[in-house]
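No lab work stands behind these numbers, since they all come straight from the coordinates. Keep in mind that this is a model prediction, so the values were computed, not measured. Here the Cβ is made from the backbone with ideal geometry for all residues, glycine too, and neighbour counts use every protein chain on show.
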Amino acid sequence: MNFEFASRIERVEPSATLAISNKASELEANGVDVVDLSVGEPDFPTPQNVVEAGKDAMDAGHTGYTPSNGIPELREAIAARLREGGIDAIDEEIIVTPGGKQALYEAFQVLIDDGDEVVLLDPAWVSYEAMSRLAGGSLTRVDLEPYSFQLEPGLDDLEAAVSEETELLVINSPSNPTGAVYTDAALEGVRDLAVEYDITVVSDEIYDKITYGVEQTSLASLSGMGDRTITINGFSKAYSMTGWRLGYVHAPSALIDQAAKLHSHSVSCAVNFVQRAGVEAIENTDDAVVEMRDAFRERRDMLAELFESHDVDVPIGDGVCHWTSMNCRCPQPFANIIMMQVSRSFILRKKPQ
């Protein structure tokens, strides 16, 4: 049978990140020794107390459906965490999702119609573009490479890109893939533009716990941004729970009401026992988060030293766990030498068992 596929799905390609990861897994299954630099996945196990909380939840029979927007205990824990970051959040403004990607997807689907302008800061995580295209959005990009990937010196470029026609602006701080943590002045500049042009802003804060010597500020905590910010976060990075698939979206109640329609008709709810493990992650894993963050910082510093030893200048991010993603453009021979040394050093300086 010859299928006629919907035009929206023809607009996108499969995730390049996952395509590389799948290929690496295939090679490993065939006995090939692979250094997989594709997905942003901590190489630490999920903290044991979180694993035990998940097991206990299953043993207690928490294996059925939950309320579509999430169990009350987890939504309350998330709201409390957001309030600690300065966001005026209540549990009714939160949807718990199976992964942060689902939270982002619902935000794009609720807000973007055919032809609506979406503004991205480059380099950007690959799925933002795909989600925009699936919703019919028209992309405008602002290149931050000339500014060492920082937003504050690039605010004039952002101002030139946005207008009253801009429907959505996506901010990702700490940034994947650059590791840049945007300054408060940069975020205040975003706030001023969002208010002036009446723009809704997605603030993807999935790496908020993985920063090195700087503090990440939540965009929705700024004056004037609470009613126009969609905050996206999850458990994959900070708590090394990538395979558990648990995330959330916080937004004004009017947007949450609309997103809940899509959520209930698509994924129904996040997994019951995973949500209960999420409560444990939020409430009792601070020490494990610090241990992972410190190990990531050591690796980042090690890699920076190796580049410097070959006279290669790279901007060093202040966040994110991609210890090899510092966006270096250097001749391939240099890259090969450095990566061989990184591999040897990494073996010698792995995390404690």
Next on the checklist: What FRET efficiency comes out for Asp33 versus Thr183 if R0 is 41 angstrom and r is the Cβ-Cβ distance? Round to the nearest 0.05.
Outcome noted: 0.50
Checklist entry - Residue-wise, which Karplus ³J(HN,Hα) couplings in Hz belong to segment 9-15, taking 6.51 cos²θ - 1.76 cosθ + 1.60, θ = phi - 60°, and x for glycine or proline? => result 7, 6, 6, 10, 10, x, 4
Item to check | segment 175-236 - charge dipole about Cα centre, Lys and Arg +1 at Cβ, Asp and Glu -1, debye rounded to 20 | outcome: 180 debye
Checklist outcome for this item: Along principal axes, largest first, the alpha-carbon spread of segment 63-176 in whole Å comes out as 48, 33, 25
Checklist entry - Whose amide H sits under 5 Å from the amide H of Ser138, counting only residues 5 or more places off or on another chain, with H placed in the peptide plane? => result Gly115, Asp116, Glu117, Val118
Checklist entry - Quick one: if you stick a label point 7 Å off each Cα along the C-beta vector at Glu196 and Tyr65, how many nm between them? => result 4.8 nm
Checklist outcome for this item: Highest mean packing first, using Cβ neighbours within 10 angstrom, the peptides 46-52, 107-113 sort as 107-113, 46-52
Checklist entry - With the dipole of the chain worked out from charges on the C-beta (+1 for Lys and Arg, -1 for Asp and Glu) around the Cα centre, which of Ala220, Val50, Tyr239 lies farthest toward the positive end? => result Val50
Checklist entry - Nearest 20 debye, what's the magnitude of the dipole of the chain about its Cα centre given +1 on Lys and Arg Cβ and -1 on Asp and Glu Cβ? => result 1320 debye
Checklist entry - Going highest first, how would you order 5-11, 168-174 by mean Cβ packing within 10 Å? => result 168-174, 5-11
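Within the chain, which complete DSSP H helices have Cα atoms spanning at least 30 Å along the helix axis and a mean Kyte-Doolittle hydropathy of -1.0 or higher?
On the way: long enough: 286-309 (35 Å, -0.67).
Those that clear 30 Å and a mean of -1.0 are 286-309.
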Checklist entry - Along segment 114-120, what does the Karplus equation 6.51 cos²θ - 1.76 cosθ + 1.60 (θ = phi - 60°) give for ³J(HN,Hα), rounded to whole Hz, x for Gly and Pro? => result 3, x, 5, 7, 10, 9, 10
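What are the semi-axes of the equivalent ellipsoid of segment 153-213, taken as the square roots of 5 times the eigenvalues of the Cα gyration tensor, listed largest first and rounded to whole Å?
Numbers: eigenvalues 98, 29, 19 Å².
Equivalent-ellipsoid dimensions as semi-axes: 22, 12, 10 Å.
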Item to check | Cα-based Rg and Dmax for the chain, where Dmax is the largest Cα-Cα distance (Å) | outcome: 20.5, 59
Checklist outcome for this item: Residues meeting the amide H criterion for Ser173 (H placed from the backbone, H to H distance under 5 Å, 5 or more places apart or on another chain) are Asp204
Item to check | In Hz, Karplus ³J(HN,Hα) per residue of segment 226-243 (6.51, -1.76, 1.60; θ = phi - 60°; x = Gly, Pro) | outcome: x, 9, 9, 10, 10, 8, 10, 7, x, 10, 5, 8, 5, 10, 6, 10, 4, x
